[in-house]
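Scroll down for the structure; my scribbles are underneath it.
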Amino acid sequence: MNIRARTRDGARQEHQRAQGEDADNRLVNGESVGSVVADAAEHRERQNHEELASGQADGLRLHFIGERAVAAHQERAQPEEEAGLASDVIFVGGADRDRVPLVAALIATGLRVALYGGYWNRYAPTREHHRGHADPRTIRQATAAAKIALCLVRRANRDGHVMRSFEIPAIGACMLVEETEEHREIFSIEGETVVYFRSIPEMIDKARA
C-alpha cells in the first residue's frame, strides 16, 4: 500500500470514529435508532459516490442508471481474447427451470448464445453453449464482447431485478431485460437504456433485430 493510500485510509478511519461518537451522542440525547441509522446510511452512500467521482476508488468510475449510481468497470479483452469470448447473446446466472425455455428458444433461432453459471450442462438444448463458471474479469470481458446481454429475474425469489440489472449497464453492454415493475422503475423508458420483453416471441424478435 502506498503512502497516499495509507493516508487516505487513516483519514477515513478517523472520520468513521468521529461519526460513531456523533451517533452515540444523538442516541443519548433521545433521537430514535431508526433516524440515526438512516442518516448514517445516507452519509455512507454519499461518501462512496464522492470517492468514485473523484477517482479515489482505483479502476472505477461513477455511472448513473436512472437516478442510481453504480461503479462502472468497463474492461475489454485483447482482440485475440475477445474473439474467443464473443457471442450474440450472453447470459450469466443459474439454469433455473423457468429460465431454460427462454434460453433454449434463443438457441433454436441459431443465435450464438454464451452461458455462464451453474447447471446449464444438465439440459440438452443448452449443454453445448455452457461455458461453466468464470472469474469476474472474464465475465466483464465476455459481457462487453457480446452483442446483447440478457437479464432474467429469479422468480423463485420473487425478484423484480437482480445484480446483473446493474452489472450489465455498468459494463456498457446492450441490455435485453425481462420487463418488471422494478426494472421499469430503474430504467424507465424503453430504448434509452434497455430493451424490454414480455414473452418469448418478443424476446426473440428483439434479440434478432
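Residue ranges 98-110, 125-137 sort as 98-110, 125-137 when ordered by packing (mean number of other C-beta atoms within 10 Å per residue, highest first). The GluC sites (Glu not before Pro) of the range 152-209 that meet both conditions, a loop assignment by DSSP and at most 13 other Cβ atoms within 10 Å of the site Cβ, are GLU192. At q = 0.14, 0.22 Å⁻¹ the log10 of I(q)/I(0) for the range 79-208 amounts to -0.56, -1.51, computed by Debye summation with a single uniform scatterer per C-alpha, solvent ignored. Seen from a random direction on average, the alpha-carbon convex hull of the range 89-128 projects onto 2.4 square nanometres.
Read the figures in this text as sums done on the coordinates, not as results from a lab. Note that the structure is predicted; figures quoted are calculated from it, not measured. Note that we place each Cβ from the backbone using ideal geometry, even for glycine, and neighbour counts take in every protein chain shown.
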